[in-house]
Amino acid sequence: MSHLLLPVAAPAEGAAVSRVGGRPVAPAGTAWPNCRSCKKPMLFLAQIRLADTGLAGLPDRLLLVFMCQNDPGMCEDWSADSGDNCALLVPPTGLTMPPPPAGVTLLKTVDGVRFQPFPAGQDYPVTLDSVARGLGQAGDKPFWIQADETPACACGARMRFVIQLEDNGGGGINFGDAGAGYAFVCGKCPDKAKFLWQCC
């Protein structure tokens with residue numbers, strides 16, 4: 001079953017719960033990711049607890065999503081394999097809050113996330129248009145703006161879609177012109193995830 005991501009009050013800092021914006025939590029020693037192209041720290045976008053999504057067969061992990069916004073348009077932050085964005089899967093226990101490095105590393109605002117099931121027979125665009133502000137979706141299939149770009153894991157397996165984030169959703173995320181970001185996990189490798197985005 002697919003779920004709409006709706007904004008709620010920002011959760012407490014340090015909580016291992018779903019959020020868009022704010023500061024991520026991660027196991028001690030987790031390094032803040034840097035962009036492969038410009039070498040600068042990436043912008044933290046979202047933390048999603050996979051167990052909250054309602055999708056069957058996912059491990060209880062936190063999905064942390066970052067992308068480079070140090071010089072928008074110069075780094076290939078839209079590509080799943082460029083190294084200019086990053087999706088991490090971490091366990092939801094034994095967590096700390098890595099201090100954000102200097103630079104463009106945090107969104108302007110923070111939203112908690114509530115997962116609301118789609119009405120029976122209704123698709124994602126219709127559901128998104130029915131609410132004042134939707135942050136995205138958790139579902140079995142993405143709503144692609146362009147062609148299907150489902151990535152492959154390093155193991156060769158086609159990855160599983162889990163989260164779509166909207167450009168006009170939370171925190172002032174910039175996915176270009178009415179764009180959306182897409183996060184995927186590998187069904188065979190429990191610690192592998194990828195992220196990409198598209199726009200009109």
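For residue 146, the stated conditions do not hold, so it cannot be described as touching a His at 6+ places or on another chain (Cβ under 7 Å) and either at pLDDT 95 or above or outside any loop (DSSP other than H, G, I, E, B) (or both). Kindly indicate whether residue 128 is hydrophobic (A, V, I, L, M, F, W, C) and at pLDDT 95 or above. Spelling it out, it is not the case that residue 128 is hydrophobic (A, V, I, L, M, F, W, C) and at pLDDT 95 or above.
Of the residues making up the stretch 177-197, those that are in a strand (DSSP E or B) and either surrounded by fewer than 19 Cβ atoms within 10 Å (Cβ to Cβ) or of a type in the set (Phe, Trp, Tyr) (or both) number 4. Here is the figure for the stretch 60-112: residues that are over 22 Å from residue 196 (Cβ atoms), more than 15 Å from the chain's Cα centre (by Cα) and of a type in the set (A, V, I, L, M, F, W, C) total 3. Within the stretch 146-169, the residues that satisfy the criterion of being touching a Cys at 6+ places or on another chain (Cβ under 8 Å), of a type in the set (A, V, I, L, M, F, W, C) and under 18 Å from residue 57 (Cα atoms) are 153, 157, 159. Can you say whether residue 147 is aliphatic (A, V, I, L, M), free of Cβ contacts under 8 Å to residues at least 24 places away in the same chain and more than 18 Å from residue 88 (Cα to Cα), as far as the supplied structure shows? Yes: the conditions hold for residue 147.
Considering only residues in the stretch 85-96 that are of a type in the set (A, V, I, L, M, F, W, C) and under 15 Å from residue 66 (Cβ atoms), the one that is surrounded by the most Cβ atoms within 10 Å (Cβ to Cβ) turns out to be 87. The set of residues in the stretch 110-139 being among the polar types (S, T, N, Q), surrounded by 18 or more Cβ atoms within 10 Å (Cβ to Cβ) and assigned to a strand (DSSP E or B) consists of 137 alone.
Of the set (1) surrounded by fewer than 19 Cβ atoms within 10 Å (Cβ to Cβ); (2) closer than 30 Å to residue 124 by Cα; (3) without any contact (Cβ under 8 Å) to a residue 60 or more places away in the chain; (4) not aliphatic (A, V, I, L, M), all apply to residue 23 but (3). The residue that is surrounded by the most Cβ atoms within 10 Å (Cβ to Cβ), among those in the stretch 149-176 that are of a type in the set (Val, Ile, Thr) and modelled with pLDDT of 95 or more, is 163. Picking from 98, 142, 119, which residue would you name as being under 21 Å from residue 6 (Cβ atoms), touching a Ser or Thr at 6+ places or on another chain (Cβ under 9 Å) and touching a residue at least 40 places away in the same chain (Cβ under 8 Å)? The conditions single out 142.
Close contacts from the stretch 78-90, counting a first residue that is in contact (Cβ under 8 Å) with a residue 24 or more places away in the chain and a second that is small (Gly, Ala, Ser) and not in a strand (DSSP E or B), with Cβ to Cβ under 9 Å and a gap of 6+ residues or different chains, come to 78/176; 78/179; 82/37; 83/37; 84/37; 85/79; 87/80.
The values are calculated or read from the model by the stated rules, or taken from the named source; none is laboratory data. What you see is a predicted model, and the numbers here were worked out from it, not measured in a lab. So basically every Cβ, Gly included, is an ideal-geometry build from the backbone, and we count neighbours across all protein chains shown.
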